[in-house]
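What follows is a set of notes on a single structure, which appears directly below.
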Amino acid sequence: MTEIPPLPQPIGAAPGAPRLPPASNPAAVAKSAHDFEAMAIGQLLQPMFNTVDSANGTFGGGPGEEAWKPMLVQEFAKQIASHGGLGLAKPIYDAMIRMQKGPTP
């Protein structure tokens with residue numbers, strides 16, 4: 001098994017701080033920011049779906065619903081994020097790029 005080399009530590013980062021990937025791939029950073037926004041939206045939607053009583057419906061309830069409901073919530077969140085979301089992706093992207101560049105001299 002090949003060992004993954006450590007990522008470079010940003011200048012001025014605290015010892016033991018998580019290592020960040022280089023900012024050479026803005027598309028990967030943007031995808032991470034959008035994925036984070038989708039995850040955050042999913043966390044906001046989950047309590048709403050927990051209050052829906054579908055056990056008395058024709059197709060609701062049971063272990064199947066319990067297994068699939070979190071995936072449904074995440075797909076809703078991904079769709080919301082891909083259509084504008086809450087506007088979190090851009091500030092998250094900017095912060096990630098700033099963190100990867102390190103402190104300005």
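Would you check if Gly42 is at pLDDT below 90 and either at negative phi or in a loop (DSSP other than H, G, I, E, B) (or both)?
So Gly42 fails the test.
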Residue by residue through segment 52-98, note down the ones that are farther than 30 Å from Ser32 by Cα and not in a helix (DSSP H, G or I).
Val52, Asp53, Ser54, Ala55, Asn56, Gly57, Thr58, Phe59, Gly60, Gly61
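The values are calculated or read from the model by the stated rules, or taken from the named source; none is laboratory data. Treat the numbers as computed from the prediction; the structure is a model and nothing was measured.
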